[in-house]
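J.: Got a structure for you, questions after.
The values are calculated or read from the model by the stated rules, or taken from the named source; none is laboratory data. Since the structure is predicted, the reported quantities are computational estimates derived from the model, not experimental observations. These area figures cover heavy atoms from the full protein model, side chains too; ligands, DNA and RNA do not enter into them. Shrake-Rupley method; radii C 1.70, N 1.55, O 1.52, S 1.80 Å.
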Amino acid sequence: MGTGKRRTRVHVVSDVHGNTEALARAGDGADALVCLGDLVLFLDYADHSRGIFPDLFGVENAHRIVELRTARRFAEAREFGRRLWDGLDRERMIEQAVRRQYAQMFAAFPRPTYATYGNVDIPGLWQEYAGPGTTVLDGQRVELGGRVFGFVGGGLPSPMRTPYEVDEDEYAAKVEALGEVDVLCSHIPPEVPELCYDTVARRFERGSTALLAAIRRTRPRYALFGHVHQPLARRMRIASTECVNVGHFAATGRPWALEW
């Protein structure tokens, strides 16, 4: 009886948003965990009592800011937030809260984990918390089980003005730096309407034209991403590439599995 070639199993998560308990189990049965960012929970749109914002300003104010953002009244939402923060040391208070979340979540990462930043993450803090079993990649590649995984972190400029947004050229340069990969891993989706539209928030999130061009040009086996929590389409084929949104982790606690 032949032993056969050993299979490789990788679990993929994105948009953890504070779900530390599930994160600690996310690598169970896998050779590696891949995390596509957004560890921080600033404000939970499904439960307005969870996150940094309601911890600081209460649930009623959280209701109000979600209401304004969902109605696309971004200027009013920013003004409302500005009044709440007036007289407070915003940067210091947010950093303290993010540090508390990062301390828990990085400790929960299984070994090995390969991770990139989401748009609400603060990249400058990651090296402090990433242990020896966690490899942080952004515009870089790694080989897992004979397949090449390429990672592109962060988001593009949006009305939400989240912490890790980079301009189109910088983002495109990170995509270009990857070259040809088997699995293209990013936080945001390629710029395809069905993949970018959030059916609950009722708006299009930012997708990347550079990612879409790279998919069409280099034809990876998979393009994996998150960012859009309730997408119109969770998966789609673009030529020979399977595009999969894995950004449901905060709600379901279940990783997406890739085995070969």
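J.: Return the whole-Å distance between the Cα centroid of the stretch 1-77 and the Cα centroid of the stretch 101-134.
T.: The stretch 1-77 and the stretch 101-134 have Cα centres spaced 13 Å from each other.
J.: Can you work out the accessible area per residue across the stretch 167-207, with the rest of the protein chains kept in place, probe 1.4 Å, in square angstrom? Walk me through the numbers before you get to the answer.
T.: Details: 1820 Å² over 41 residues.
In whole numbers, the stretch 167-207 has 44 Å² accessible per residue.
J.: Kirkwood Rh and Cα-based Rg: tell me the resulting Rg over Rh for the stretch 31-166, rounded to two decimals.
T.: Details: Rg = 16.7 Å, Rh = 16.4 Å.
Taking Rh as the inverse mean 1/r over Cα pairs, Rg/Rh reads 1.02.
J.: Please compute the volume of the convex hull spanned by the alpha-carbon atoms of the chain and report it per residue in Å³. The partial results should precede the final answer.
T.: Values: hull volume 32.8 nm³, N = 260.
So the per-residue Cα hull volume is 126 Å³.
J.: What is the spread of the Cα atoms of the stretch 219-260 along each of their three principal axes, largest first, in whole Å?
T.: 30, 25, 11
J.: Ignoring ligands, DNA and RNA, please state the percent of accessible area on the chain from carbon and sulfur, probe 1.4 Å.
T.: Details: 5890 of 12260 Å².
Ligands and nucleic acids excluded, carbon and sulfur give 48 percent.
J.: What fraction of the DSSP beta bridges in the chain is antiparallel, stated in percent and rounded to the nearest 5?
T.: Numbers: 16 of 39 bridges.
So the antiparallel bridges amount to about 40 percent of the total.
J.: Once amide H atoms are built 1.01 Å from N in the peptide plane, which residues 5 or more positions from residue 243, or in another chain, come under 5 Å H to H?
T.: It is 223, 236, 237, 238, by chain and number.
J.: State, as an integer percentage, the relative contact order of the stretch 156-221 based on alpha-carbon contacts under 8 Å between residues 6 or more apart.
T.: Values: 66 pairs, mean separation 23.0, N = 66.
Once divided by the residue count of the stretch 156-221, the mean separation gives 35 percent.
J.: Can you give the accessible area per residue of the stretch 58-102, in Å², using a 1.4 Å probe? The partial results should precede the final answer.
T.: On the way: 2860 Å² over 45 residues.
Averaged over the residues of the stretch 58-102, the accessible area is 64 Å².
J.: Would you check the accessible area of residue 167, probe 1.4 Å, heavy atoms only, in square angstrom rounded to 10?
T.: 80 Å²
J.: Run the numbers on the stretch 6-89 and let me know its relative contact order in percent, using alpha-carbon pairs under 8 Å that are six or more apart. Numbers along the way, then the final one.
T.: On the way: 84 pairs, mean separation 16.9, N = 84.
Averaging sequence separation for qualifying contacts and normalising by length gives 20 percent for the stretch 6-89.
J.: Say we join alpha carbon atoms closer than 10 Å with springs in a Gaussian network model of the chain; which of 137, 195, 56 then has the biggest fluctuation?
T.: 56
J.: Given the convex hull over the Cα atoms of the stretch 116-260, what projected area results after averaging over all orientations, in nm²?
T.: With the hull built on Cα positions only, its mean projection is 8.8 nm².
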